[in-house]
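These notes are about the structure you will find just below.
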Amino acid sequence: MKLTWLGHAACHLQAAGKDILIDPFFTGNPRFPAGYEDRLAKVDAIVLTHGHEDHLGDTVRLAKRFDAVVVAQFEICSYVGGQGVAKVEPMNTGGTVVRDGVRYSMVPAFHSSAVIEDGKPVTMGDPAGFVVEAEGVAVYHAGDTCLFSDMALIQRLHRPKVGLLPIGDRFTMGPEAAAIACNELLELDIVVPIHWGTFDLLTGDPERFKQLVRRGRVQVLAPGDSIEVAAG
Ligand code: NI
Ligand code: MN
């Protein structure tokens with residue numbers, strides 16, 4: 001599996017012949033690697049952790065452009081369906097969907113999930129994290145969340161080997177909380193800090209996180225950087 005970080009919470013997974021985007025915040029993401037969209041030959045699936053605009057991002061446009069399926073919370077699928085997205089896989093927390101050799105499991109996250117329309121929040125259902133498994137490698141994208149002890153159950157059930165954990169603080173875990181997740185609750189081989197450095201409000205420092213993590217190897221990526229993860 002190849003994993004590319006696109007700045008903020010946006011990631012591109014390539015495995016089992018599939019191209020999967022998670023939380024594709026392209027337009028307006030100051031750390032999105034310029035020109036990356038032009039290098040996408042196809043997109044098979046778009047996975048959304050929640051409905052905030054820094055995660056929903058370019059989903060509707062990209063799903064239409066690439067005829068991709070949106071895998072997300074029931075309410076989000078209804079919302080993007082209403083905006084003309086043809087293919088959706090609605091689900092809810094605790095569920096797993098298998099499609100084209102890829103396993104998508106929706107797991108809890110503590111956050112909120114709404115879009116603001118005419119100054120009012122429109123609910124997008126509960127926020128989530130996802131474990132995406134393909135080619136024998138499971139990746140846990142925690143979404144936007146605080147630290148919670150049931151991350152241990154996510155590890156027990158889905159055995160992720162790679163973690164994409166938010167560390168920016170204010171809206172999510174900061175480095176100290178995310179390090180506790182790694183050291184005490186998860187059993188990850190590789191940890192990539194996300195949701196940091198995008199805006200001045202996100203103050204969590206990936207180097208601080210790296211210092212604190214004792215279990216798992218922290219890979220601080222630059223936007224556009226990739227890692228290859230083999231099964232086993
Ligand atoms: Ni959010
Ligand atoms: Mn966010």
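The residue that is surrounded by the fewest Cβ atoms within 10 Å (Cβ to Cβ), among those in the stretch 70-79 that are outside any helix (DSSP H, G or I) and within 16 Å of ligand 1 (Cβ to nearest atom), is Gln73. Evaluation of Ala15 against the conditions (1) in contact with a Cys (Cβ under 8 Å, 6 or more places away or on another chain); (2) more than 16 Å from ligand 1 (Cβ to nearest atom) shows that the sole unmet condition is (1). Among strands (runs of 3 or more DSSP E) entirely within the stretch 117-160, having at least 2 residues that are away from ligand 1 (no atom under 15 Å from the Cβ), without any contact (Cβ under 8 Å) to a residue 24 or more places away in the chain and among the hydroxyl-bearing types (Ser, Thr, Tyr) singles out no element at all.
All conditions in (1) more than 16 Å from Val122 (Cα to Cα); (2) within 16 Å of ligand 1 (Cβ to nearest atom) hold for His55, with the sole exception of (1).
A count restricted to the stretch 80-130 and to residues that are open to solvent by less than 50 Å² (accessible area, probe 1.4 Å) and under 18 Å from Asp54 (Cα atoms) stands at 11. Could you tell me whether the stretch 46-69 includes any residue that is assigned to a strand (DSSP E or B), over 18 Å from Ala109 (Cβ atoms) and touching a Leu at 6+ places or on another chain (Cβ under 8 Å)? No: the stretch 46-69 contains no residue that is assigned to a strand (DSSP E or B), over 18 Å from Ala109 (Cβ atoms) and touching a Leu at 6+ places or on another chain (Cβ under 8 Å). Evaluated against (1) within 16 Å of ligand 2 (Cβ to nearest atom); (2) part of a loop (DSSP other than H, G, I, E, B), Glu187 falls short on exactly one condition, (1). Out of Leu201, Leu221, which single residue is outside any helix (DSSP H, G or I), free of Cβ contacts under 8 Å to residues at least 60 places away in the same chain and over 14 Å from Ala142 (Cβ atoms)? Matching residue, one of Leu201, Leu221: Leu201. Taking the stretch 10-45, which residues are within 16 Å of ligand 2 (Cβ to nearest atom), open to solvent by less than 20 Å² (accessible area, probe 1.4 Å) and not aromatic (Phe, Trp, Tyr)? Listed by number, the residues that qualify are Ala10, Cys11, Leu21, Ile22, Asp23, Pro24, Asn29.
Among the residues making up the stretch 35-52, those that are away from ligand 1 (no atom under 11 Å from the Cβ) and in contact (Cβ under 8 Å) with a residue 60 or more places away in the chain are Tyr36, Val47. Can we say Asp169 is acidic (Asp, Glu), free of Cβ contacts under 8 Å to residues at least 40 places away in the same chain and more than 16 Å from ligand 1 (Cβ to nearest atom)? For Asp169, the condition - acidic (Asp, Glu), free of Cβ contacts under 8 Å to residues at least 40 places away in the same chain and more than 16 Å from ligand 1 (Cβ to nearest atom) - is not met.
Residues are listed down the side, and each one gets a yes or a no for (1) buried (at least 17 other Cβ atoms within 10 Å of the Cβ); (2) within 13 Å of Leu3 (Cβ to Cβ); (3) of a type in the set (Val, Ile, Thr):
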{"site": "Val137", "(1), (2), (3)": "yes, yes, yes"}
{"site": "Arg159", "(1), (2), (3)": "no, no, no"}
{"site": "Leu165", "(1), (2), (3)": "yes, no, no"}
{"site": "Asp169", "(1), (2), (3)": "yes, no, no"}
{"site": "Val192", "(1), (2), (3)": "yes, yes, yes"}
{"site": "Trp196", "(1), (2), (3)": "yes, no, no"}
{"site": "Asp200", "(1), (2), (3)": "no, no, no"}
{"site": "Pro206", "(1), (2), (3)": "yes, no, no"}
{"site": "Gly216", "(1), (2), (3)": "yes, no, no"}
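In the stretch 176-189, the condition of being touching an Asp or Glu at 6+ places or on another chain (Cβ under 9 Å), within 21 Å of His52 (Cα to Cα) and of a type outside the set (Lys, Arg) is met by no residue.
The values are calculated or read from the model by the stated rules, or taken from the named source; none is laboratory data. Computed from a predicted structure; not experimentally measured. As a convention, Cβ positions derive from the backbone with ideal geometry for all residues, glycine included, and neighbour counts pool all protein chains shown. Note: areas computed on protein heavy atoms with side chains; ligands, DNA, RNA excluded. Shrake-Rupley method; radii C 1.70, N 1.55, O 1.52, S 1.80 Å.
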